[in-house]
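Have a look at the structure below before the remarks.
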Amino acid sequence: MEDTKKIRVLIAKPGLDGHDRGAKVIARALRDSGMEVIYTGLRQTPEQIVETAIQEDVNVIGLSILSGAHNFLLPKVIQLLKEKNAEDILVISGGVIPEEDILGLKEAGIAEVFTPGTPTSEIIDFIKTHVK
Amino acid sequence: MDTIEAVLNGNKRSIAKLITLIEEKSHDAKEILKKIYTHTGKARIIGITGAPGSGKSSLVDKLAKILRSKNKKIGIIAVDPTSPFTGGAILGDRIRMQDLALDEGVFIRSMGTRGALGGLSKACYDAAKVLDASGMDYILIETVGVGQSEIDIAKLADIVLLVMVPGMGDDVQAIKAGIMEIGDIFVINKSDKDGADRLVTEIETALGLCFEKKELKPPVIKTIATEGYGIEELVETIDVLWEYLTKKDYLKIKRTNRIRQEIIGLLTESVLNNIMTTYSEKIEFLVEKAVKRQIDPYSAAEIIIKEKSL
Ligand SMILES: Nc1nc2c(ncn2[C@@H]2O[C@H](COP(=O)(O)OP(=O)(O)O)[C@@H](O)[C@H]2O)c(=O)[nH]1
Ligand SMILES: [Mg+2]
């Protein structure tokens, strides 16, 4: 199997809340679909996430959020990516995010928000169609 | 070509992009590697290998921190296995290195083994060159110690740390599998657990047998990576060994062998590719004949070699 391009995804969990079960499920599903998943664990700051994304040269950042601070954390990641001229990286998010916030997050530059219960196949399809 | 300049200046984005090109086997990457080669050879390449869960990533994290306190620049390559079935991988070594993410003097890259069937990929060798050329003082390469990758890391690194853990039967296994020869330094991590001293003794005994009268027996160091215990000593040991390796020309011999292997590897690959593309039909024809026992494999190969040299 001579591979050429491979989709690389950073799965990170910003915010202070304590578990990452959901993030791990996604990470495994993405791996099983042939992607390389860089998994960084809990309590990442937006700065750490963006720096990691750059060094790992990922195509996608997947942010798992439960803490309710999404309206601050997610736009912050987008802003930092812009500052580093890395806005070509696709940012998606999953977790408990109220319906009424989703539009605002998309306007801020989050490519898609996946609410709990979204089948992982949908997330995989989204990534595969949106990564150039 | 400003990529080259940016990489030589240590620009992280450019380093990262170049490593991606290398992993994608792009032609551009090869051309850039040719040009940066003269800038390589300065970094000390340290391999860290051992069983999954033995604490390699935690050790790398602590080693990097001590080296940073000495103002050294650190490149880290963390290799995890690619699934041979899906081609995917979960690269999770960064979980133990979170504090390093924002350190100016540290660059971390996670790599899957991709096509390398359990060993280290060519991309890993080339990524090390990129980090070397970018001005890193140390390059720490973490690989899971299973099978071929252990052998490979011994070829790529100047110094190999073999990480073992008490109570995992590591001792007996290592001695049996003949991997004692790979370690330049033996790290007994998780020495907060029972049996650390016994493991040290067993390894020292085994090393005594392997090395008999040779000048330098590999040192055995006890660590507790999670607490930072023993890491200072480990760094000192690496430095002392480095002095020894350079003074005695051992390093030069190691590196000469590595470069020879690399050139032979490239030659093998290109000659083989050439044969496979030019003679693919002929080879298939001979395979069929050999299946029917009308020709033997030795003669089949000789036929191709003869045709090639005509
Ligand atoms: N008790 C103890 N646990 C450790 C030590 N070093 C690492 N660990 C733990 O062992 C687990 C695996 O560590 P990691 O560095 O990821 O191992 P790796 O798979 O070899 O990279 C983690 O839960 C660490 O916290 C140690 O010296 N003592
Ligand atoms: Mg590890």
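Readers should treat all values here as calculations from the given coordinates under stated rules, not as data from a laboratory. Quantities reported herein were computed from a predicted structural model and do not represent experimental measurements. Cβ placement follows ideal geometry from the backbone for every residue including glycine, while neighbour counts extend to all protein chains displayed.
Seen against the Cα atoms of chain B and their longest principal axis, helix B:280-291 is set at about 90 degrees. Charging the Cβ of each Asp and Glu at -1 and of each Lys and Arg at +1, and nothing else, the dipole of the protein assembly as shown about its Cα centre rounds to 960 debye.
Here the Karplus relation 6.51 cos²θ - 1.76 cosθ + 1.60, evaluated at θ = phi - 60°, turns the backbone of the range B:223-238 into coupling constants of 9, 10, 4, 5, 9, x, 6, x, 6, 4, 4, 4, 5, 4, 4, 4 Hz, with x for every Gly and Pro. Close amide H contacts of A:G95 (hydrogens built in the peptide plane, cut-off under 5 Å, sequence separation of 5 or more or a different chain): A:I65, A:F114. Using the alpha-carbon positions of the range B:41-247, Rg (one decimal) and Dmax (whole number) come out as 16.1, 48 Å. Which whole-angstrom value gives the distance between the alpha carbon centres of the range A:108-132 and the range B:66-101? Centre-to-centre (Cα) distance: 26 Å. Of B:A101, A:I110, A:V91, whose Cα points farthest to the positive end of the dipole of the protein assembly as shown (charges on the beta-carbon: +1 Lys, Arg; -1 Asp, Glu; origin at the Cα centre)? Of the options given, the answer is B:A101. In the range B:41-247, taking the dipole from charged Cβ atoms about the Cα centre, the farthest positive-side position among B:T226, B:V79, B:G208 is held by B:V79. Calculated FRET efficiency, B:H39 to B:K247, Cβ-Cβ distance, R0 = 25 Å: about 0.55 to the nearest 0.05.
Sort the range B:1-119 into rounded, prolate or oblate with this rule: let a ≥ b ≥ c be the square roots of the eigenvalues of the Cα gyration tensor; rounded if a/c is under 1.5, and if a/c is not under 1.5, prolate when a/b is larger than b/c, oblate otherwise. Judged from the Cα gyration tensor, the range B:1-119 comes out oblate (a/c at least 1.5, b/c at or above a/b). Calculated [222 nm] ellipticity per residue, helices only, for chain A: -13500 deg cm²/dmol; basis is -39500 (n - 2.57) per DSSP H run with n ≥ 4, divided by all residues, nearest 500. Angle of helix B:56-69 to the longest C-alpha principal axis of chain B, folded into 0 to 90 degrees and rounded to 10: 60°. Here the relative contact order of the range B:1-143, from alpha carbon pairs under 8 Å that lie six or more residues apart, stands at 39 percent. Each listed q (0.06, 0.09, 0.14 Å⁻¹) maps to a log10 I(q)/I(0) for the protein assembly as shown, found by the Debye formula over equal Cα scatterers with no solvent: -0.30, -0.65, -1.30. By the beta-carbon count within 10 Å of each Cβ, the least crowded to most crowded order of B:M276, B:M180, fewest first, is B:M276, B:M180. Taken one residue at a time, the phi angles of the range B:123-131 give Karplus couplings (6.51, -1.76, 1.60, θ = phi - 60°) of 4, 5, 4, 5, 4, 4, 4, 4, 5 Hz. Gly and Pro are set to x.
Counting other Cβ atoms within 10 Å as a rough exposure proxy, the listed residues A:L73, B:L102, B:L199 run B:L102, A:L73, B:L199 from fewest neighbours to most.
What you get for chain A, charging only the Cβ of Lys and Arg (+1) and of Asp and Glu (-1), is a dipole of about 260 debye around the Cα centre.
When only the Cβ of Lys, Arg, Asp and Glu is charged (+1, +1, -1, -1), the dipole of chain B relative to its Cα centre reaches about 660 debye.
Would you work out if the range A:8-130 is rounded, prolate or oblate? Take a ≥ b ≥ c from the square roots of the eigenvalues of the alpha-carbon gyration tensor; rounded if a/c is under 1.5, else prolate when a/b is larger than b/c, oblate otherwise. Rounded is the answer for the range A:8-130, as its axis ratio a/c remains below 1.5. Against chain B, whose longest principal axis comes from its Cα atoms, helix B:196-211 is set at around 50 degrees. Within straight-line reach of B:K73, meaning a Cα separation under 18 Å, sit the following lysines at least 8 residues removed in sequence or on another chain: B:K12, B:K42, B:K62, B:K65, B:K129. The order of B:H27, A:H130, going from fewest to most other C-beta atoms within 10 Å of their C-beta, is B:H27, A:H130. For the pair A:D101 and A:L16, a Förster radius of 22 Å applied to the C-beta separation gives a FRET efficiency near 0.75, rounded to the nearest 0.05.
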